[in-house]
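Colleague: Here's a structure for you.
Please treat every number below as a calculation from the coordinates, not as lab data. Computed from a predicted model, the values in this text were never measured in an experiment. FYI the Cβ positions are ideal-geometry reconstructions off the backbone, even for glycines, and counts take in every protein chain you see.
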């Protein structure tokens, strides 16, 4: 497709449940980012991939959060033993760099609600 | 800590007015300053972006003003329309060669309402 696709759009998880969120980036985009957006806040950086390499995971809030991109395209963000504070919209973005500007395209996000 | 400070939190203008949203940063390693527009249920979409080597950039009705010495930048929306009602985020990114590539540091957002 033409855009970044994320699934599921909505996820309700019981506290303690594991969840997996999927991101299909734009074909050919080398860089992929995950962001967390709490209600009424700006997105906050979680982690960054260049192809299959996870170059920065400094934004992951705890060791319950894990991201992978094994073949350099589709990425999965996994949250183990979900807690209420994990409730947020999780945004994926893929990006190119053309020597002058950075072209970020965000997906519509997955809204996670932990009950 | 919030690396990019954005104000105001919300803004109401009449159609045709010129809303202005301001952002400030401290990190001199920031090298790229985009603005994003977000509608409910959607991801942020890039509006316009500026690098520190210019003081102003205009694209259509959107203008960024950049003051490198003050470490401030702002978004002006000319002839605003009700369809511009959305949340606007400023952001800043470090140099491409940093470890985080060009991960964006976002402001907290400004909710803009343009009344008919």
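Colleague: Would you mind giving the mean number of other chain beta-carbons within 10 Å of the Cβ of each residue in B:40-49, as a whole number?
Modeller: Details: counts 0, 5, 4, 16, 10, 3, 6, 0, 0, 4.
What the average comes to for B:40-49 is 5.
Colleague: Would you please put A:62-68, B:66-72, A:33-39, A:47-53 in order of how densely packed they are, using the mean number of other Cβ atoms within 10 angstrom per residue and starting with the highest?
Modeller: A:33-39, A:47-53, A:62-68, B:66-72
Colleague: For chain B, calculate the relative contact order in percent as a whole number, restricting contacts to Cα pairs under 8 Å that are 6 or more residues apart.
Modeller: Result for chain B is 36 percent.
Colleague: Once you put a point 7 Å from the Cα of residue A:39 and another 7 Å from the Cα of residue A:55, both along the Cβ direction, what distance in nm separates them?
Modeller: Between residue A:39 and residue A:55, the label points sit 3.6 nm apart.
Colleague: Another question, then. Report the antiparallel proportion of the DSSP beta bridges in the range B:4-115 as a percent, rounded to a multiple of 5.
Modeller: Antiparallel: roughly 90 percent of the beta bridges in the range B:4-115.
Colleague: Averaged over A:103-112, how many beta carbons belonging to a partner chain fall within 10 Å of each residue's beta carbon?
Modeller: Values: counts 2, 11, 4, 7, 2, 4, 5, 0, 1, 0.
Taking all residues of A:103-112 together, the mean is 4.
Colleague: Turning to a different aspect of this structure: Go ahead and run the numbers for FRET between residue B:85 and residue A:30, Cβ-Cβ distance against an R0 of 45 Å, rounding to 0.05.
Modeller: Values: r = 35 Å, r/R0 = 0.77.
Using R0 = 45 Å, I get an efficiency of 0.85.
Colleague: Sticking with this one: If you average the alpha carbon positions of the range A:32-104 and of the range B:17-51, how far apart do those two centres end up, in angstrom?
Modeller: So the two Cα centres are separated by 19 Å.
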